[in-house]
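Below: the structure, in structure tokens.
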Amino acid sequence: MFFINRNNNNAAGMSVGLMGGTFDPIHMGHLVTAEEARQQFDLNYVVFVPTGMPPHKDGEQVTLPEHRYLMTTLAVMSNPSFYVSSVEMDSEGPAYTIDTVRHFSFGEKEIPELFFITGADAILDIFTWKDYEELLRLCTFIAVSRPGYSLEKFRETLDKHCPGMKHKVHLLEIPALAVSSTFIRERVALGKTIKYLTPEPVEQYIKKHGLYVPTG
Ligand code: ATP
Ligand code: MG
């Protein structure tokens, strides 16, 4: 569980990247993205925050949060700068990004500078997010290019909705990785290999628990 010591003055000047997602399952696209953001923005930590019951995915079948949390933990184990937080899973009812960001924005002197790392597909929806204006005040967004999504027009739209907030969204180009969790779930369901699309311990976890294999 990621923890920031409220009484530790050393925390001042710290910058933390938050990466929210369903992580059903986590894959190399998420990890490459987080690592690139960590390096480019000189982040001290990246905290992966798996959703509980995702508000935007109502009605869709989502794997139990416990499985998604454990797979995420296995995936980040080898990176000393990566952590996982269960804050969204622990909340009752759907957790919104604003609640998560508020959770990490506590303290006075010790507030870390917060960055929210998100894929291009997700940032395009930001104006539908709860309290998005406050969200843009509390953290800086790192929007990562993702195959199939264009961010060219995004900044213009951002300026219309939230004038003066352009500087709160940075666009980050990363090597294109067309992998998605949907793609992995589909491959497992078809009995196809997912080797190298996700870290090996995650691949083994999926096998051991029979995840994504159609039942009945
Ligand atoms: P699904 O196919 O189930 O929607 P996903 O692969 O999109 O899964 P999510 O858990 O929905 O994964 O994504 C979490 C965050 O990671 C989102 O901000 C998403 O845009 C980003 N992301 C996912 N895959 C990639 C990728 N290949 N490259 C860059 N960003 C990605
Ligand atoms: Mg997605």
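The values are calculated or read from the model by the stated rules, or taken from the named source; none is laboratory data. What you see is a predicted model, and the numbers here were worked out from it, not measured in a lab. Cβ: placed from backbone, ideal geometry, glycine included. Neighbour counts: every protein chain shown. We work out accessible area using only protein heavy atoms, side chains counted, and drop any ligands, DNA or RNA first. Shrake-Rupley method; radii C 1.70, N 1.55, O 1.52, S 1.80 Å.
Projecting the Cα atoms of L158, I117, H30 onto the dipole axis of the range 15-177, where Lys and Arg carry +1 and Asp and Glu carry -1 at the beta carbon, places L158 farthest toward the positive end. Think of it as helices only: each DSSP H run of n ≥ 4 in the chain is worth -39500 (n - 2.57), and spread over all residues that comes to -9500 deg cm²/dmol at 222 nm. Counting Cα-Cα pairs of the chain in 10 Å increments starting at 0 gives whole-percent bin shares of 8, 33, 38, 17, 4, 0.
In summary, the aspartates and glutamates within cross-link reach of K166, defined as a Cα separation below 20 angstrom excluding same-chain residues under 8 places away, comprise E113, D121, D125, D131, E133, E134, E152, E156. Largest first, the residues T128, T97 sort by 1.4 Å accessible area into T128, T97.
Taken about its Cα centre, the range 112-206 carries a charge dipole of about 200 debye when Lys and Arg each add +1 at the Cβ and Asp and Glu each add -1 at the Cβ.
Taking other residues whose beta carbon is less than 14 angstrom from the beta carbon of D90, and scoring Lys, Arg as +1 and Asp, Glu as -1, yields -3. For F82, the residues whose modelled amide H falls within less than 5 Å of its own, excluding neighbours fewer than 5 places apart on the same chain, are V46. Which one of V76, Y132, T51 has its Cα pushed farthest toward the positive end of the charge dipole of the range 15-177, where Lys and Arg give +1 and Asp and Glu give -1 at the Cβ? Checked the options; the winner is Y132. Mind checking the angle between helix 28-40 and the chain's longest principal axis? C-alpha axes, 0 to 90 degrees, to the nearest 10. The angle comes out at about 20 degrees. Put simply, the amide H of V169, placed in the peptide plane, has neighbours under 5 Å in F141, leaving out anything fewer than 5 places away on its chain. When only the Cβ of Lys, Arg, Asp and Glu is charged (+1, +1, -1, -1), the dipole of the range 15-177 relative to its Cα centre reaches about 300 debye. Rounded to the nearest 20 debye, the dipole magnitude of the range 134-179 is 80 debye, with +1 charges on Lys and Arg beta carbons, -1 on Asp and Glu beta carbons, and the Cα centre as origin. Loop sites by DSSP among the trypsin sites (Lys or Arg not before Pro) of the chain, restricted to those with at most 15 other Cβ atoms within 10 angstrom, leave 7-108 as the longest stretch without any of them. For the range 122-216, the spherically averaged projection of the C-alpha convex hull amounts to 8.6 nm². Solvent exposure of the range 107-216, expressed per residue, is 59 Å² of accessible area, with all protein chains present and a 1.4 angstrom probe. Taking chymotrypsin sites (Phe, Trp or Tyr not before Pro) in DSSP loop states with no more than 12 other Cβ atoms inside 10 Å as exposed sites, the chain has its longest site-free stretch at 4-105.
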